[in-house]
Amino acid sequence: MGFLEAIWNAIYAYITNTEMWKTFANHVLTIIFIIIGTIIVVKVGKAVLRKVFKGRQGSRLRMSEKRETTFEKLTLNVFSYVIYFVAFLMILDVFVEVKGLIAGAGIVGLAVGFGAQNLVKDIITGFFIIFEDQFSVGDYVQVGTFDGYVEEIGLRTTKIKSWTGELHILPNSSINEVTNFSVNNSVAVVDVSIAYEEDIEKAEAVIQEVMGEMASQFPEIVRPPELLGVQMLGASDIVIRVIAEVLPMEHWHIAREMRKAVKGRFDEQGIEIPYPRLVTYRRDEIQEIEKENAER
C-alpha cells in the first residue's frame, strides 16, 4: 500500500502543479498563435505576390504570358514552403532548443542526404526546366506515356492534365524527354478519299476552292492550305492529301473543319467518297453466268 500511495501522491502532485499547467497553456497558446500567424502571412503574402505579377502585365520588360504564369506559380509555391518551414522551426523551438538541434544536425543531415537523393534530383531538374524554359504552364506537352496541358511546375513535381481530365503528377527527375506542341506552329493534315470512278482533277479543283475559302474564314490558319496531290492508291479509293499550317495546338480543330467543308462540297458536286460495299449473288444467277461463259 505504501508503494501505491507514493505513486498516487506523485501523480497527484504532478497534476496539481500549477506551474506545469501554466507552461502547458503557454505552449498551446504559442502554437495556436504561430499557426494563425502562418495562415495569415501565407494568404497576405500570396495576395501581394499575385498583385506584383499582375502589375507586370503592362511592363515593357514583361516575359511571355506562359513563362510569367510559370514563375508566378513557382514563386507562390516556394514562398509557401519557406513560411511553413519557418513556422515548423518556431513550433519546434517551443519544445526544444532549435539552435542546439541545428548545431548537432550535421551528422543527421549527412545521413538524411543519402536518403533524399531523389528529392535533390527533383529540385535540380525542376530548376533547369524553368531556367532553360523547356516548357511553361499552359503548354501542351508529352512526357513518356503522358500528354496534356501543364498545370503547374514546382521544385519537386510537375502536374500535367490530360484532355480527358486526369491529373498526372510527375517527379521532375523522371522527366527525361519532353515533346512540346505549343512552341511552333502546327500542321493540319487531312486525307480525302474519292472513288476510282471519279475525276481526280475535278476533285482536286473542288478541294482547292474549299481550302481557299477556309483560309479567309479561320484566323487560326497561318498559311493557305496546300494541296499535295494523290497520296495513295488504296484497295477501293484514291487518297488526296491536304495540309495547312496553323497556330500551335489548332491543327485538330482546323483538320475537323477541313473534313467537314470538303464533305459538304463533295455532296454538292456529286463527288462520291467510297464506302464499303457488299455484293451478293444467288446460286441460280451464278449458274446462268457460268452457262453463258461456257457457251461463249
ask   = So which residues in the range 210-257 are in a helix (DSSP H, G or I), more than 26 Å from the chain's Cα centre (by Cα) and either at pLDDT 90 or above or buried (at least 17 other Cβ atoms within 10 Å of the Cβ) (or both)?
value = Val210, Met211, Met214
inquiry  = Just the residues that are of a type outside the set (Phe, Trp, Tyr) and free of Cβ contacts under 8 Å to residues at least 60 places away in the same chain, please, taken from the range 135-149.
reply    = Val141, Gln142, Val143, Gly144, Thr145, Asp147, Gly148
request  = Kindly provide the set of residues from the range 112-126 that are open to solvent by less than 70 Å² (accessible area, probe 1.4 Å) and at pLDDT below 70, ordered by number.
outcome  = Gly113, Ala116
note = Taking the range 127-144 and the residues there that are among the aliphatic types (A, V, I, L, M) and closer than 18 Å to Leu76 by Cα, the one that is surrounded by the most Cβ atoms within 10 Å (Cβ to Cβ) would be Val137
key: Per-region count, the range 55-87, residues at pLDDT below 70, open to solvent by 50 Å² or more (accessible area, probe 1.4 Å) and not hydroxyl-bearing (Ser, Thr, Tyr)   = 10
ask   = Which of the residues that make up the range 119-150 are touching a Leu at 6+ places or on another chain (Cβ under 9 Å) and closer than 19 Å to Tyr81 by Cα?
value = Asp122, Ile123, Gly126, Phe127, Ile130
query = Would you pick out the residues in the range 145-171 that are assigned to a strand (DSSP E or B), open to solvent by 70 Å² or more (accessible area, probe 1.4 Å) and not aromatic (Phe, Trp, Tyr)?
reply = Glu151, Lys161, Leu167, Ile169
ask   = Quick check: anything in the range 158-168 touching a strand residue (DSSP E or B) at 6+ places or on another chain (Cβ under 7 Å) and of a type in the set (Phe, Trp, Tyr)?
value = yes
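The values are calculated or read from the model by the stated rules, or taken from the named source; none is laboratory data. These figures come from a predicted structure and were not determined experimentally. Cβ sites come from the backbone with ideal geometry, for glycine too, and all protein chains shown count toward neighbours. The accessibility values were calculated without ligands, DNA or RNA, using every heavy atom of the protein model including side chains. Shrake-Rupley method; radii C 1.70, N 1.55, O 1.52, S 1.80 Å.
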